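Remarks on the structure that follows.
The values are calculated or read from the model by the stated rules, or taken from the named source; none is laboratory data. All of these numbers come straight from a predicted model, not from anything done at the bench. So basically every Cβ, Gly included, is an ideal-geometry build from the backbone, and we count neighbours across all protein chains shown.
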Amino acid sequence: MADMVRAVVQTGPRQMEMREFPRPVIGPDDGALLRVEACGICGSDVEQYKGAMGTRGLPMIPGHEPLGIIEEIAPATAARWGVGVGDRVAVEILIPCRSCDLCLAGRYMQCKNRAGSHGGYNPPERGLGLWGGYAEHMHLHPNSIVHPMRADIPAEIAVMFNPLGAGVRWALQYGGVHLGSSVLVLGAGQRGLAAILASKYVGAGLIIATGLARDAKKLELAKEFGADVAINVDEEDTVERVKELTGGDGVDVVLDLTPMAQQPILDAINAVRWGGTIVLAGLKGHKDIPIPTDMLINKALTVKGAFSVDAAAYTDAIKLIESGKFPLEKMQTHKYGLDDVEHAIKLLAGEIPGEDGIHVAVMPGL
């Protein structure tokens, strides 16, 4: 068993390097050691790589969507998690305290005492450690939240638990999409596609997807996953098309899943029906964006900010993956080893000419 662990470290905007770290030794109160099988690349990883998320906490090991095998685990942790050595688990991002009033009320994602998170979003006092998924192994804090998953599913498919969980939570839990709902999904990336799939699964009556001209393949897949209409925003006006499709009323629910763009927020406000719901999940890089609040008031809209994925959505996403009912392999377009992490991030960002990525996975064993 190797004494050192390879991991990719981000040291600054667009700066990545390979480093080696001592393999953690798991003591009786030390959580667990995970051998990383795969780690999904999120749109926020792209923005973090570019520097749009700031430089606080650098250097760090990115990667907050890890899937892997438990290699070592403290007895108390094994009893708490209900898993043991050799089990495959999906790891949640946040590390809550598990004991404050918010955690005890089931609102652990709002925990103010959390130890940090997996994937580099940690308080500086935690220092540079094996907390991220772009590594051969990860140290899992005792308060981590893990979800067992069947071992016979290909790792590159199983690791989709995070974007699929986001689609379930943002569309169904936050958006309230149900049988007969009309839904506009702004952005046809992996989470947009997951939201479309979740909306179709519960019987949404009209699903509209949007994307740029360069997203042609994603929009084709959106229709295969359940979208009734795909709008190329470089050629059509989103709001006009939505009004045309809904008899001028607008849709019940709009999900904005676009990164860094201001126009989709304005489109959401104009395309949603009176009394409808807007879910904002696309990060905008801390930009100040003017919002026509009079329209929010006059249309009696509900606007919700969607942060990450919770345990219930992860559980539903894992059931969805394990069901084998959906062609998820069509969403999984690329997988790379640790030596090619930077290329993988650039590909997902659309910076590699001639290559289109939807779900891109880092697989340290390649």
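Considering only helices (runs of 4 or more DSSP H) fully contained in region 286-362, which possess at least 2 residues that are farther than 17 Å from ARG191 by Cα and more than 21 Å from the chain's Cα centre (by Cα)?
On the way: elements: 293-298, 311-323, 341-348.
Answer list for region 286-362: 293-298.
Checking the conditions here, which among ALA188, ALA213 is surrounded by 14 or more Cβ atoms within 10 Å (Cβ to Cβ) and within 27 Å of GLY350 (Cβ to Cβ)?
On the way: ALA213 fails: surrounded by 14 or more Cβ atoms within 10 Å (Cβ to Cβ).
The unique qualifying residue is ALA188.
Just to be sure before I move on: is ASP294 of a type outside the set (Ser, Thr, Tyr), over 19 Å from GLU47 (Cα atoms) and free of Cβ contacts under 8 Å to residues at least 12 places away in the same chain in the structure I sent? Reasoning before the result, please.
Details: of a type outside the set (Ser, Thr, Tyr): yes; over 19 Å from GLU47 (Cα atoms): yes; free of Cβ contacts under 8 Å to residues at least 12 places away in the same chain: yes.
Yes.
Mind telling me which of the residues THR315, THR302, THR277, THR246 ends up being without any contact (Cβ under 8 Å) to a residue 40 or more places away in the chain and hydroxyl-bearing (Ser, Thr, Tyr)? I'd like the intermediate steps shown before the answer.
Details: THR315 fails: without any contact (Cβ under 8 Å) to a residue 40 or more places away in the chain; THR277 fails: without any contact (Cβ under 8 Å) to a residue 40 or more places away in the chain; THR246 fails: without any contact (Cβ under 8 Å) to a residue 40 or more places away in the chain.
THR302 is the lone residue from the list that is without any contact (Cβ under 8 Å) to a residue 40 or more places away in the chain and hydroxyl-bearing (Ser, Thr, Tyr).
Taking region 314-351 as the search range and keeping residues that are in contact with a helix residue (DSSP H, G or I) (Cβ under 6 Å, 6 or more places away or on another chain) and more than 25 Å from ALA151 (Cβ to Cβ), which one is surrounded by the fewest Cβ atoms within 10 Å (Cβ to Cβ)?
Checked region 314-351; the qualifying residue surrounded by the fewest Cβ atoms within 10 Å (Cβ to Cβ) is ALA349.
Being of a type in the set (A, V, I, L, M), under 18 Å from GLU136 (Cα atoms) and buried (at least 16 other Cβ atoms within 10 Å of the Cβ) is the filter here; which residues of region 17-47 pass it?
Those that are of a type in the set (A, V, I, L, M), under 18 Å from GLU136 (Cα atoms) and buried (at least 16 other Cβ atoms within 10 Å of the Cβ): ILE26, ALA32, LEU33, LEU34, VAL36, ALA38, ILE41.
Out of GLY132, GLY120, I need the residue that is assigned by TED's automatic domain parsing to the domain that holds ASP30, part of a loop (DSSP other than H, G, I, E, B) and modelled with pLDDT under 90. Which one? Step through it out loud before you land on a result.
Values: GLY132 fails: modelled with pLDDT under 90.
Only one candidate qualifies: GLY120.
How do the pairs read when you match residues in region 16-33 that are within 18 Å of GLU71 (Cβ to Cβ) and at pLDDT 95 or above with residues anywhere that are of a type in the set (Lys, Arg) and in a loop (DSSP other than H, G, I, E, B), using Cβ under 9 Å and keeping only pairs 6 or more apart or on different chains?
LEU33/ARG23
Within region 270-300, which residues are farther than 18 Å from GLY192 by Cβ and crowded, with 22+ Cβ neighbours inside 10 Å? Step through it out loud before you land on a result.
First pass over region 270-300, keeping only residues farther than 18 Å from GLY192 by Cβ: 270, 273-276, 285-300.
Scanning region 270-300 gives a single hit, GLY276.
State which residue pairs qualify: first residue more than 26 Å from GLU156 (Cα to Cα) and inside region 166-190, second residue part of a helix (DSSP H, G or I) and of a type in the set (S, T, N, Q) in any location, beta carbons under 6 Å apart, and separation of 6 or more residues or different chains.
Note: pairs meeting the criteria are VAL177/SER199; VAL183/SER199.
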